[in-house]
Structure formats: structure tokens, C-alpha cells
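All remarks here apply to the structure that follows.
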Amino acid sequence: MAANAPFPAADHPMMKPPFRRKKPMQVLALGMSRTGTLSLYTALNELGYNCYHMTECCLDFRNDSLLYWNKAIDVKRRGYGRELKRRHFDLMLWRYDAVTDFPCTLFVEELMDVYPDAKIILTTRDLESWVSSMQHSLYAILRMKRLKLLALFDWKYTRPVLKLIRSALTIWTDGVPKDPDHLIAGYVAHKAHVRGAALQRKREVFEFSVKDGWRPLCDFLGKEVPTKPFPRVNEGSFIAQYLKLMFWKRVVELGAPILVAACVSWVMNGVFWWWVLPM
């Protein structure tokens, strides 16, 4: 993992959610991916929040976070006669009091309803640079043949990650993820969706660009402005590079037991023939 990564270097250990969350949800940052969500994630953590982001979702895969989010998407898109409640989201978000990035941003109305007291932020970005950034991150990840190959064997991490990305792009583009025009329309529609859902619930929406820095964000949240510069992370193809590193990490994790078994078999085979062959 990159040395300057703004999130933990190690996977989260297995943990059991408490019966009730111990701290209320305070911030719902519902702007689309690649609108400065990782910079905002870093900034919110700097302000004292414990923020959720897609990277946290990936790091928490041992607690089935990827599985739960994919199930939630299936319920939202297909119904199955169920309604998503707070208990469903708390399976993934119980130890966090702020969220940003997808998969959370796929559940705008649901999160507003289950966390009615949280402040709402809508991150924005220049449309042209956003489209380019999407092509160099999420779309680039889906083009990685090595990840597609690993997904055939890694059902715990790689397969559900790719499914989550495909689902997000399918939802944002109204089912036509390979069409740039649908991607652009999805970006515009998502912003309108957040504004409309908040207006319907009489909730304020703070529209924020990371270029604006600390002052407007801190004023909205009622926090003191830090002395350090506002974080600027996730430049260029950072996320795609991160997934490449995770690819090799998973290869090692999946391959290590096989290698150990092969070594043990080789040693036992040698011992057997040493024992049975005449001196």
C-alpha cells in the first residue's frame, strides 16, 4: 500500500457489531465518487469524525462488508419484499459517524431516513475532469484482466469488489455503463436526486468542492479550522494503483496455504521414501 495512503495499511480485524450503535451518525457526504470523496474522508477524520469510504469497505471485507453492501443493492434494485432499515446499514457502519463515497452514495434516501439528524454534504466537481477521473479509476479497475482472473478464485474480496463497482456504474448510468453520455447524465441526475431528497425531508444540503478548503466546511460543521493545509489526496489513478497492490496481497494470501501444503507434501514424500528405501 502506498506510504501516503490516508487510510489504515492493514485490513480491519473480525469484529462483532454491538446491539446498538454507540455514537450517532453525524455526517452524510452523498456526492458521487471522484468528486473529492477521499480528500473529504481525510478531512473529516482530521476534524475528529470516524469516516466511512469505499476504502474502508474494502479493508473491512473480513467482516463481510462487501457481501452486505452487495445484498443491500440487490434488495434496493429488486425489492425481494424487504425494506432496508437502520439495522441493515449499521451492520457496515456501526462504528462510523460520517460517510462519503460509494457504496453509501447509492442509498441517498435510505440513509437520510435512517440517520435523520446527520448533516448532509454534496461534493461537486467540474464535469469534464470528473469524467476523466472516472475513466482512470473505476473504469480502469474493471479493465484489469488480472482482477477478472483473480475474481474466479477470490470470492471473499475481489469478486464482490468488482460486483460492487459494476453495480454502481450500472445504477449511475441507468443501465448503460459504457456510454459516456449516460455517465454524464447520471452525474447530473445524482446531484438533483440528493437535492430533491433533502428538500422533501426539509433537510439542508451543503454543496462543497474540495478546492474551497477548510473554512466553508468547518463553518457548516461547527468545527475549528485546522492549522494544517486541507488534504489533497486521490490524485490521478490512485485508486486503480491501490487495487493493483490489493491484487498481489490477495494472491499471496490465497496462494500461501497452497504453497505450505505443497511444501509439507514434498517433505512428507521425501521422509516416506527415505524410510522405505533400503540403506
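For segment 12-86, the alpha-carbon radius of gyration amounts to 1.25 times the rule-of-thumb value 2.2 N^0.38 Å expected for a compact globular protein. Identify the residues of segment 106-140 with backbone N under 16 Å of a label point that sits 7 angstrom from the Cα of I184 along the Cα-to-Cβ direction, or state none. Under cut-off, by backbone N: 125-135. The distance linking segment 19-40 with segment 87-119 is 7 Å (Cα centroid to Cα centroid, whole angstrom). For segment 27-38, the Karplus equation 6.51 cos²θ - 1.76 cosθ + 1.60, evaluated at θ = phi - 60°, returns couplings of 9, 10, 9, 10, x, 5, 4, 6, 10, x, 5, 6 Hz by residue, with Gly and Pro reported as x. Listed values for segment 141-149 are Karplus-derived 3J(HN,Hα) couplings in whole Hz (6.51 cos²θ - 1.76 cosθ + 1.60, θ = phi - 60°), namely 4, 5, 8, 6, 5, 5, 5, 4, 5, and x replaces Gly and Pro. Of the peptides 161-169, 210-218, the order by per-residue mean of other Cβ atoms within 10 Å, starting with the highest, comes out as 161-169, 210-218. Taking 20 °C and 1.002 mPa s as conditions, segment 27-237 diffuses translationally at an estimated 121 µm²/s according to Stokes-Einstein applied to its Kirkwood radius (Cα pairs).
If you wrap segment 61-141 in the convex hull of its Cα atoms and look at it from every side, the mean projected area works out to 6.7 nm². Normalising the average separation of contacting C-alpha pairs (under 8 angstrom, six or more residues apart) by the number of residues puts the relative contact order of segment 27-237 at 31 percent.
Computed about its Cα centre, the charge dipole of segment 27-237 is approximately 680 debye, with only Lys, Arg, Asp and Glu carrying charge at their Cβ. Applied to segment 102-109, the Karplus parametrisation 6.51 cos²θ - 1.76 cosθ + 1.60 on θ = phi - 60° returns per-residue 3J(HN,Hα) values of 7, x, 4, 6, 7, 10, 4, 5 Hz, with x for Gly and Pro.
Size of segment 93-203 from its Cα atoms: along the principal axes, largest to smallest, the extents are 47, 35, 21 Å.
Bear in mind that the values in this text are calculations on the coordinates, not laboratory data. Please read these numbers as outputs of a predicted model, since none were measured by experiment. Counting neighbours? That spans all protein chains shown, and the Cβs are built from the backbone with ideal geometry, glycine included.
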